[in-house]
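Take a look at the structure below.
The values are calculated or read from the model by the stated rules, or taken from the named source; none is laboratory data. These numbers come from a predicted model, not from an experiment. In this analysis, Cβ positions are derived from the backbone assuming ideal geometry, glycine residues included, and neighbour counts consider all displayed protein chains. When the accessible area is computed, the model is the full protein with side chains, heavy atoms only, and any ligands, DNA or RNA have been set aside. Shrake-Rupley method; radii C 1.70, N 1.55, O 1.52, S 1.80 Å.
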Amino acid sequence: MTVQERALLVCHYLSVILPDGPNFALSSGDTPKDQPAVNAGRLADFLEIGDDYLHDEVEIGHIGTEAVLFRPLLGVHAEMLEKFCSSRRQWIAGMMACQIRMESEDYPDLLAMTDVARFQWVNDRINRMSGMPLSQGVELHDSFFSEGAAAVRHFFDVWADDEGLVFRPKPGAGVSTLARFRCDPCIPERARSLFG
């Protein structure tokens, strides 16, 4: 599943469980516990239910004569990147490493690989992206990553900050905050205290 599909499942669950219903309110999550949360919009400010992508991989340009290909960010990618990334820069490099490939490069079946082989693959790719000269990295991002992300965007607009993956609001939503959709607000306090 893609990161967006996973988020959609979480949002569906939250829309059924939360008292304010399908278009539930989001909070900024960074206010002290003894103060009310800052309103960061509602689900409808982030969700584009009509958007879907048509192909698992799209061609987004060429470097020389070779095609540059782009794919959606998958849940398996996100789980790997959580082990390696601790800053926005690392998250963006990691997303690029997982989503962009040259036509001549093989893309492995990550689910068929062992955990060790999968982590080695993503670590090698991140190191290659991070080791590029800054001008090449910026060009790769500006020329291919932004266009590729737009080509496979569905349900949510995925981005990253220092803490990991986030979702940007829709254009014109009137919200400037980023969102994370987590199930933990729905877990009763008693269950949290017992199972952490």
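Can you pull out the residues in region 67-102 that are touching a helix residue (DSSP H, G or I) at 6+ places or on another chain (Cβ under 8 Å), outside any helix (DSSP H, G or I) and farther than 18 Å from S130 by Cβ? Of everything in region 67-102, those that are touching a helix residue (DSSP H, G or I) at 6+ places or on another chain (Cβ under 8 Å), outside any helix (DSSP H, G or I) and farther than 18 Å from S130 by Cβ turn out to be V68, F70, R71, P72, L74. Taken residue by residue, region 111-130 has no member that is touching a Ser or Thr at 6+ places or on another chain (Cβ under 9 Å), of a type in the set (D, E) and open to solvent by 40 Å² or more (accessible area, probe 1.4 Å).
In region 134-169, which residues are under 11 Å from the mean Cα position of the chain (by Cα), open to solvent by 20 Å² or more (accessible area, probe 1.4 Å) and of a type in the set (G, A, S)? The one that is under 11 Å from the mean Cα position of the chain (by Cα), open to solvent by 20 Å² or more (accessible area, probe 1.4 Å) and of a type in the set (G, A, S): A149.
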